[in-house]
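The block underneath contains the structure these notes are about, expressed in structure tokens.
The values are calculated or read from the model by the stated rules, or taken from the named source; none is laboratory data. Here the structure is a predicted model, which means the values were calculated and not measured. Here Cβ is always computed from backbone atoms with ideal geometry, including for glycine, and neighbour counts include all displayed protein chains.
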Amino acid sequence: MEASHVESDLTNILYTKEEIQARVAELAAEIEKDYEGRDVLVVGVLKGAVMIMADLVRAMNKHVSMDWMAVSSYGSGTKSSGVVRILKDLDTDLMGKHVLIVEDIIDSGLTLSWLKTNLESRGPASVEICTLLRKPDAAKVQIDVKYVGYEIPTEFVVGYGLDYDEKYRNLDFIGTLAPHVYS
Ligand code: XMP
Ligand code: MG
């Protein structure tokens, strides 16, 4: 969906479709180079990472396997607590595999920190993280994120997989949600 259909719900466009496509292609090239000669299992975190997963793997000129996980983070309101429940686990055995977790956004970092530890306990050869967006709060949690698309301010953003109340995921760009939508 294009910007003209949701204009009044957003305060601004943070990244256009073209900017996102270009940045994702850069990340794909970096990943392709880093994993040269090695098989990689790309793990997308549902549902937000669907768009970046689809674009990232298509921009890579190498064979990859893909799998998906769904987790829910308990918390009060919009803040996550770090207490995570697996809603859908991987179908793949991670033993000896090079795993790349793909996320839409890291906010507090608590969800991903838990997820990385969880996957590391399954005997993989390595676990790295790729996120399209990262907010400043993520710095408070010790978590090594190898690939970051953009560092963004602490604002609620939607589009390109990111939702507010399950809406806006199908925007082909990323925008800042106007306060009147959620207040
Ligand atoms: P952590 O544990 O890093 O959780 O705080 C990250 C999760 O929080 C959600 N989140 C957002 N979702 N726009 C969204 O659509 C945002 O600006 C935003 N900030 C955090 C998201 O589900 C992510 O996986
Ligand atoms: Mg979400």
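The numbered conditions (1) in a strand (DSSP E or B); (2) touching a residue at least 60 places away in the same chain (Cβ under 8 Å); (3) surrounded by fewer than 19 Cβ atoms within 10 Å (Cβ to Cβ) are all true for Val102 except (3). Do we find that Thr117 is surrounded by fewer than 18 Cβ atoms within 10 Å (Cβ to Cβ), touching a strand residue (DSSP E or B) at 6+ places or on another chain (Cβ under 7 Å) and over 17 Å from Glu151 (Cα atoms) in this structure? Against the criterion (surrounded by fewer than 18 Cβ atoms within 10 Å (Cβ to Cβ), touching a strand residue (DSSP E or B) at 6+ places or on another chain (Cβ under 7 Å) and over 17 Å from Glu151 (Cα atoms)), Thr117 does not qualify. Might you check whether a residue that is surrounded by 13 or more Cβ atoms within 10 Å (Cβ to Cβ) and in a strand (DSSP E or B) occurs anywhere in the range 52-61? Within the range 52-61 (the criterion being surrounded by 13 or more Cβ atoms within 10 Å (Cβ to Cβ) and in a strand (DSSP E or B)), the answer is no, since none of the residues qualifies. Applying the criterion of being more than 16 Å from the chain's Cα centre (by Cα) and among the charged types (D, E, K, R) to the residues of the range 99-124, the residue that is nearest to Gly161 (Cα to Cα) is Glu120.
Considering the range 171-183, and only residues there that are among the aliphatic types (A, V, I, L, M) and outside any loop (DSSP other than H, G, I, E, B), the residue that is farthest from ligand 1 (Cβ to nearest atom) turns out to be Val181. Of the listed requirements (1) near ligand 1 (Cβ under 10 Å from one of its atoms); (2) at pLDDT 95 or above, Lys116 misses just one: (1). Exactly one residue among Val127, Val148 is within 14 Å of Val45 (Cβ to Cβ), more than 8 Å from ligand 1 (Cβ to nearest atom) and either of a type in the set (S, T, N, Q) or at pLDDT 95 or above (or both), and that residue is Val127. Per the conditions (1) assigned to a strand (DSSP E or B); (2) more than 15 Å from ligand 1 (Cβ to nearest atom), the sole criterion not satisfied by Ile13 is (2).
Given the criterion over 19 Å from Ala70 (Cβ atoms), in contact with a helix residue (DSSP H, G or I) (Cβ under 8 Å, 6 or more places away or on another chain) and at pLDDT 95 or above, identify the matching residue among Leu94, Leu171, Leu132, Leu100. Reasoning before the result, please.
Working: Leu94 fails: over 19 Å from Ala70 (Cβ atoms); Leu132 fails: over 19 Å from Ala70 (Cβ atoms); Leu100 fails: over 19 Å from Ala70 (Cβ atoms).
Going through Leu94, Leu171, Leu132, Leu100 in turn, the sole match is Leu171.
For the range 153-183, filtered to residues that are within 16 Å of ligand 2 (Cβ to nearest atom) and of a type in the set (Gly, Ala, Ser), the residue that is farthest from the chain's Cα centre (by Cα) is Gly175.
Against the list (1) at pLDDT below 95; (2) assigned to a strand (DSSP E or B), the condition Ser65 fails is (1).
Restricted to the range 155-170, and to residues there that are touching a residue at least 24 places away in the same chain (Cβ under 8 Å) and part of a loop (DSSP other than H, G, I, E, B), the residue that is farthest from ligand 1 (Cβ to nearest atom) is Asn170.
Looking across the range 126-152, the residues that are assigned to a loop (DSSP other than H, G, I, E, B) and over 16 Å from the mean Cα position of the chain (by Cα) come down to Val141, Gln142.
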